[in-house]
Every structure is written in C-alpha cells, then in structure tokens.
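The next block holds one structure in the form of structure tokens; read it before the comments.
The values are calculated or read from the model by the stated rules, or taken from the named source; none is laboratory data. All of these numbers come straight from a predicted model, not from anything done at the bench. Neighbour counts are summed over all protein chains in view; Cβ atoms, including those assigned to glycine, are modelled from backbone coordinates with ideal geometry. In case anyone asks, the SASA skips ligands and DNA or RNA and just uses the protein heavy atoms, side chains included. Shrake-Rupley method; radii C 1.70, N 1.55, O 1.52, S 1.80 Å.
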Amino acid sequence: MAALLESIRREAKKAYKHIVLAEGEEERIIVAASRIADMQMAKLTLIGDEKKIAAKCPDVDLTGVEIFNPKSRDLSKYADLLYELRKAKGMERAEAEELAHNPLYLGVLMVKAGEADGMVAGSVNSTGDVLRPALQIIKTAQGIKTVSSCFIMVLPEFSKYGENGVMVFGDCAVNPNPTAEQLADIAIASAASAKNIAGIHPKVAMLSFSTMGSAKHELVDKVTEAVKIAKKAAPELELDGELQLDAAIVESVAKLKAPKSKVAGRANVLIFPDLQAGNIGYKLVQRLAGAEAVGPICQGFNKPVNDLSRGCSADDVVNVVAMTALQAQ
Ligand code: ACO
C-alpha cells in the first residue's frame, strides 16, 4: 500500500470519528467495516438488516460495529428533520417519511442531526444518487457555494511529476459544466484537499487548450475568468492559468510558453475545465501511467459525505472511510 494511504489511515485512527455506511448489506462494506473496527480506525454504523448482514457474511466479525435497521426503528424524527429542511422546496410530509427510509437519505440525516460525523456510500449506488441527498440536506460549508471532488493521484515510483509523485486532480466526478465561479471554487477546494488530505504544498494550474492567451475562444475565456476569481478569493494560493497540460507540468515547456509563471512547470494540483476533461484525464493517468487514483474525494460539504466507485474493493472502502474521518476533523 502506498505510504500516503498508510499515513491517511494512521491520521484517521487518531481522529477516531463516527462514520455511517449506508450500504450496510453489501459484502464489501461488511468486510471493510470489520477491518475498520479491528484497526479501531473509526466508530461505525452500518444501515441494514442485521439478519441479512449475518447471512451475507456469516464468518465476518462485526464486534463494535453498530447496525441500524431502519425497519425496526422509529424514523419519525428523521422524517421531521427532512420535512423541516425541504418543505420550502415543496416537499410534503409523506414524501419526507418515505425518503427517511431510503438509506442514502437516512445516513445523511444522521450526519445532519449530529449523530455521526460523516457518511460513505456508492458501492451499489450512482454518484448522483449518493450526492443528491447530501446536496439537499448537508449543504455547502460556510463561504463555499460549490460541492466538487478531487482525486489524489499517486504516480508510479520515481515519477518526476507532482510532489514526491503525488498530484491532485479536480473536478473529476461532480460538476458536469462548471461556470467560472464554480471552477474557482473547485480550484480553492482542491488546493485545500491537497494540503489537508494529500499532505502536499499546492501549486494549482487551471488547465485549458491555451497557454496565457495563445488561443482565443469562449472556453478559454471561462478559464481565465476563473483564474481571476480564484486569485481574488484566495490571494495566498500559488495558482496560475490558463495553462496547457505540458506547460503546467513540464519545466522546459513552461520556460517557453509561460516563463513568468511561478506555477507553470511545477504544478501539482490540476484543475480541469469541465467534467468530461477531468473524468477522462484521471482515468488516462490511472490506466496508461499506472497511477493509483485515490477518490473521488468530495469537497465543499458542511460535513463530509463521500462517494465510492461501484468497482471498489473492501480495501478502497477502508481508505475512503479514513479520508472521510480526516475531513470531519
Ligand atoms: N454544489 C452545491 N450545490 C449543488 C451542486 C453543487 N455542485 N449541484 C447541485 N446542487 C444543489 C442544487 O442547488 C439543489 O439545491 P436545492 O434543492 O436546495 O435548491 C440541490 O443540490 C439538488 O440539485 P439538483 O439540480 O436537483 O441535483 P442534480 O440532479 O443536478 O444532481 C449532481 C447534482 C448529482 C451532482 C449531478 O450534477 C450529477 O449527477 N453530476 C455528475 C455525477 C457523475 O455522474 N459523475 C461521473 C461518475 S463519477 C466517477 O467516474 C468517479
């Protein structure tokens, strides 16, 4: 396991937060929960039916893990909370009652109610279905308007890119077509994740198919506008753009194309102009360069909620729970 992930798990253990796993009847989640409890890395609540969980994994020891079976509990306080939060948006009491029985809503409501520090799901649900309840209920942290995501990319050993081979890519999973303001939010949030979770000093490149005015197009204008907004909002950040990918990470190209930039040639946080570029970009680096892609890590929520990949392993679940615990600090 990469040294970075070991360190994230160690820090999570120190934080010892309470995380809800909404897909408690899924085998990989059950196995991960057992490992997390064994490592004493987090307090856990699994949402699910204890009989189904035991039948699915009869040999897995879940000592110390709380199982919350929605069918045998009174959920009216969660339905009340949801109704209060969403009635102005037209939600009826009956709809709130029904949604409170949906584990993805219930998990987020537990976090909102202060009964847990964060939620993780997505092993059997789509990104949209995991994030929508959190967007509606948890909302964004103070001063942040956009929830977004990043991946920590751990490059193969001896890579000359990133800080000790670690880079952060954003947004690769949430905002399909961000505005300039949203791109600026994504850059600032990704820099924070780079610092707080990946443990690197962020040097942020706002990527485009143009470097410092080399091409004229409305898509380039959006990125240059985002650079202006981000620089104004976070003047302390080392951030620059618009930059082509090679100008962002290759020093010799940076000297030719953006000689005055302090970030060009040394960037370790790459901000993609939209979700198509970001999603394709991280997968290219993962598949062709053999990088480990840790995430997606959701950023910008008032309390942490993270989305698993549906192809995740039990070990991936352990890592995402660890990162969620760090975000909850
Ligand atoms: N930040 C903050 N708030 C947001 C955001 C955001 N990025 N997106 C939506 N919201 C808010 C809305 O303002 C709304 O608030 P309100 O109801 O209180 O007024 C609420 O969240 C719900 O908004 P909707 O528009 O109903 O939500 P939508 O159906 O657009 O879903 C979602 C949002 C889930 C993030 C959507 O944009 C999405 O599906 N994104 C792509 C996810 C995806 O498929 N990723 C690729 C796969 S992941 C991978 O490969 C790793």
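A few comments on the model shown:
- Selection within the range 266-301: residues that are within 20 Å of Leu237 (Cα to Cα) and part of a strand (DSSP E or B). The member of this set that is farthest from the ligand (Cβ to nearest atom) is Val269.
- Among the criteria (1) in contact (Cβ under 8 Å) with a residue 12 or more places away in the chain; (2) within 24 Å of Ala189 (Cα to Cα); (3) among the acidic types (Asp, Glu), the one Glu251 does not fulfil is (2).
- Failed item in (1) at pLDDT below 95; (2) within 16 Å of the ligand (Cβ to nearest atom); (3) assigned to a helix (DSSP H, G or I), with Ile197 passing the rest: (2)
- Applying the condition of being within 9 Å of the ligand (Cβ to nearest atom) and outside any helix (DSSP H, G or I) to the range 104-136 and asking which residue is surrounded by the most Cβ atoms within 10 Å (Cβ to Cβ) yields Gly122.
- Against the conditions (1) away from the ligand (no atom under 12 Å from the Cβ); (2) part of a loop (DSSP other than H, G, I, E, B); (3) within 30 Å of Glu27 (Cβ to Cβ), Glu157 satisfies every one except (3).
- When Ser309 is tested against (1) under 12 Å from the mean Cα position of the chain (by Cα); (2) more than 23 Å from Val124 (Cα to Cα); (3) open to solvent by 50 Å² or more (accessible area, probe 1.4 Å), just one condition goes unmet, and that condition is (2).
- Here Gly165 meets the list (1) touching an Asp or Glu at 6+ places or on another chain (Cβ under 9 Å); (2) more than 9 Å from the ligand (Cβ to nearest atom); (3) in contact (Cβ under 8 Å) with a residue 24 or more places away in the chain almost entirely, failing just condition (3).
- When the range 137-154 is filtered for residues that are within 10 Å of the ligand (Cβ to nearest atom) and not in a loop (DSSP other than H, G, I, E, B), the ones remaining, listed by number, are Ile137, Thr140, Ser148, Ser149, Phe151.
- When residues in the range 254-265 are screened for being assigned to a helix (DSSP H, G or I) and in contact with a Leu (Cβ under 9 Å, 6 or more places away or on another chain), 2 of them pass.
- Scanning the range 64-74 for residues that are closer than 20 Å to Val120 by Cα and not charged (D, E, K, R) yields Gly64, Val65, Ile67, Phe68, Asn69, Pro70.
- Residue in the range 209-239 that is nearest to Pro273 (Cα to Cα), counting only those that are under 27 Å from the mean Cα position of the chain (by Cα) and open to solvent by less than 20 Å² (accessible area, probe 1.4 Å): Val223
- Verdict on Ala192 being at pLDDT below 95, open to solvent by 20 Å² or more (accessible area, probe 1.4 Å) and assigned to a strand (DSSP E or B): no
- Ile229 free of Cβ contacts under 8 Å to residues at least 24 places away in the same chain, part of a helix (DSSP H, G or I) and closer than 28 Å to Phe301 by Cβ: no
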